[in-house]
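One structure is given below, encoded as C-alpha cells.
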Amino acid sequence: MFNKGDNIEQSGDNNLAIQNSEVTVIVSPHESLSRLAKMGKYQEAAELLKNLMDNYGKAHPYYPHYSYKVEHEGNKMFVSHEPRSIEDSQKFPLEYQGEFKIINENLDKFNNVKELVNEAFLNQRDIEIDMVSFRALIAGNEVETPFLEENTREGKWVIKPNPLPDSVLTRIQLSSNKGSVTLIEYAEVNIGQFDKDKLSVTMDNSRQVDALLYVSLTIPRESIDTKSGDKARLKNVKFNFAISKPFVNTVSANLHFSKMLRKVSLNLESNLEFVNLKTGKFFMSSIGAFPTINQSLEEIDKDINFLERLLKVEEYFQISFDLPETMSDSDFETLVILESIIAHKPLRKRFEDLIIDVTSRKEMNQLISAFENEEEGLGLRLSSTPFSLELFGAKINIEKSESAYQSLKAKNLEKLKRKYVDMEDGELVKFVLIPAGSDLIEETYFPKEKR
C-alpha cells in the first residue's frame with residue numbers, strides 16, 4: 001500500500017497519477033444503449049430506454065400531476081402533456097391556444113366564416129389553415145412543450161368538422177286518403193350537402209353502404225313550417241331518386257328503380273313521407289316534390305317485364321349480368337334460349353332449308369339413297385358438340401343442343417345425283433334439304449351440369 005501523499009512514478013512521457021483520488025467516468029445514455037444492443041442484450045436495452053422515458057416524463061413542470069409523453073410520427077417527434085389521473089386533469093385543466101389564418105382560397109367562395117364552417121360540416125370537409133402561433137397551458141399557465149414551435153411551423157393544420165349525427169333509419173312512402181304505398185323499405189338518411197348559392201340542404205342516403213338506389217330530398221332554407229312540431233311539413237322541396245353508381249348496370253337495381261318509377265307515376269298527387277323506423281312515425285312530409293317522369297306507364301311496365309325475365313335467368317344459372325346501353329337481336333335470341341332451358345321445353349321455329357356440307361363420296365351416296373324413295377320426307381335429329389352461350393358478360397356452358405326436323409326432302413335430287421357421278425373425295429358439295437310437309441323445327445338445349 002502507498003502512504004497518503006506518496007507519489008507514483010511511471011515510465012512514459014508526461015504521465016501523472018494521483019494517489020487517494022476519485023475519478024468519475026460519464027457514459028451517455030446513447031452510448032449505453034448502443035453498447036447493450038451490440039452485446040445482444042435487447043431486454044436490458046429496452047429497460048434502460050423505458051427508464052429514460054420515465055425520467056423524462058417526470059421532468060414535467062407539473063409533475064406529479066402531469067408527465068411528458070413522447071410519440072413519433074415518421075421522422076417527427078411530438079411531446080404531449082399527459083395527466084396522471086382524471087382528478088389531475090380536472091384540478092389542473094390542459095388547454096391549447098393558438099392564432100391562425102384561414103387560407104384565402106377557402107374564404108373567397110363564401111360571404112363569411114359562418115357559411116364556410118356550415119359548408120364544411122355538411123360536406124364533412126376539412127378547412128385548411130395557416131397556424132401563426134400555438135401554445136399549451138395548464139391551469140391557465142403556459143408550459144413548455146418541446147418541439148411544439150417546430151412542428152407548428154412545419155405541420156399541415158386543418159379544422160376538422162364535427163361528425164354528422166347518426167343517420168335516421170327511414171321508410172320512404174307515399175300517402176293519400178286511399179292508404180300508403182312504400183317506395184323504399186329501408187334507407188339510412190342523413191345530411192348530404194349544403195348549397196350556399198341556393199341556400200338549400202340536401203338529405204340523402206349517400207352514406208348507406210350497398211344501397212341499390214340513391215334517394216335525395218333538397219330542402220330550401222325557408223321551406224320548413226316550424227309550427228308543425230316534430231313533424232316537418234316541407235314546401236317547395238325536390239325529391240329525386242336514381243340507381244346508385246356501383247349498381248347502375250345490375251339487373252336488381254334497374255328493376256327496383258323501374259318499380260319505384262311506376263309507383264311514383266301512379267301517385268303523383270300523394271304526400272311524400274319519411275317514416276322513422278325506430279318510432280314508426282313520419283318526421284318529414286311534402287306534396288308535389290316529384291320530378292317529371294318522361295316514360296309512359298306502358299314503357300315502364302315493359303322495362304319491368306324484361307328485367308324480371310333477366311332476374312329469373314340470373315337466379316337459375318347463378319350468374320350476374322352487366323347490362324349494356326343497348327341490346328341487339330342476338331341478345332334477345334339468347335335470352336329466349338336460356339328461358340327455354342329453365343322451362344325444360346324445346347324452342348319451336350320455322351325454317352326454309354337445311355344445308356349439309358358433304359366432302360365424301362360415301363356420305364353423298366348414303367344421303368341420296370336415304371331421300372331417293374321418300375316422297376313424304378324423312379325426319380331428322382341433329383346433335384351438336386359442347387359450346388357456350390354469352391349474354392351481357394355472363395357465360396353459360398351448354399353440353400349439347402338437339403334440332404329435330406319433322407319432315408325433310410332433298411332439293412334438286414336429280415342434280416345432286418349428277419354431281420355425285422363426277423364428285424371426288426375431298427370436293428365440297430352442298431346437300432340442301434327443304435321441308436317436305438311441316439316447316440317446324442324443335443331445338444332443345446342441355447346445359448352442362450355444375451360439378
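Based on Cβ point charges of +1 for Lys and Arg and -1 for Asp and Glu, what charge dipole magnitude is obtained for segment 376-451 about its Cα centre, in debye rounded to the nearest 20?
Values: 13 positive and 13 negative charges, 18 e Å.
Dipole magnitude for segment 376-451 comes out near 80 debye.
Mind listing the long-range amide H neighbours of residue 400? Cut-off is under 5 Å, sequence gap 5 or more, other chains count too, H placed in the peptide plane at 1.01 Å from N.
Counting only residues 5 or more places away or on other chains, the set is 446.
Excluding residues on the same chain fewer than 8 positions from residue 109, give the aspartates and glutamates whose Cα lies under 20 Å from its Cα.
Partners within reach: 119, 126, 128, 130, 195, 197.
Report the calculated FRET efficiency for residue 344 and residue 283 (r = Cβ-Cβ distance, R0 = 35 Å), to the nearest 0.05.
Numbers: r = 51 Å, r/R0 = 1.46.
E(calc), rounded to 0.05, equals 0.10.
Which ³J(HN,Hα) values in Hz, rounded to whole numbers, follow from the phi angles of segment 324-339 under the Karplus curve 6.51 cos²θ - 1.76 cosθ + 1.60, where θ = phi - 60° and Gly and Pro get x?
x, 5, 10, 10, 9, 4, 5, 4, 5, 5, 5, 4, 5, 4, 5, 5
Percent relative contact order of segment 374-451, based on C-alpha pairs within less than 8 angstrom and at least six residues apart? Let's see the in-between values first.
Numbers: 121 pairs, mean separation 29.7, N = 78.
Reported relative contact order: 38 percent.
From the backbone phi of segment 375-382, what are the Karplus-calculated ³J(HN,Hα) couplings (6.51 cos²θ - 1.76 cosθ + 1.60, θ = phi - 60°) in whole Hz, Gly and Pro given as x?
5, 8, x, 10, x, 8, 10, 10
How far apart, in nm, are the 7 Å Cα→Cβ label points at residue 434 and residue 316?
Here the modelled spin labels are 3.6 nm apart.
Among the listed pairs 101/156; 91/156; 178/281; 312/395, give every one whose C-alpha distance is greater than 24 Å.
Values: 101/156 13 Å; 91/156 32 Å; 178/281 18 Å; 312/395 16 Å.
In this structure, 91/156 exceed 24 Å between Cα atoms.
Using each residue's phi in segment 169-177, evaluate 6.51 cos²θ - 1.76 cosθ + 1.60 at θ = phi - 60° and report the 3J(HN,Hα) Karplus result to the nearest Hz, with x for Gly and Pro.
6, 10, 10, 9, 9, 10, 10, 8, 5
Simple spin-label model, 7 Å along Cα-to-Cβ: residue 331 to residue 131 in nm?
Each label point is offset 7 Å from its Cα along the Cβ direction, giving 5.6 nm.
No lab work stands behind these numbers, since they all come straight from the coordinates. This one's a predicted model, so the numbers in the text were calculated from it and none came from an experiment. Using ideal geometry, Cβ is built from the backbone for each residue, glycine included, and neighbour counts are taken over all protein chains shown.
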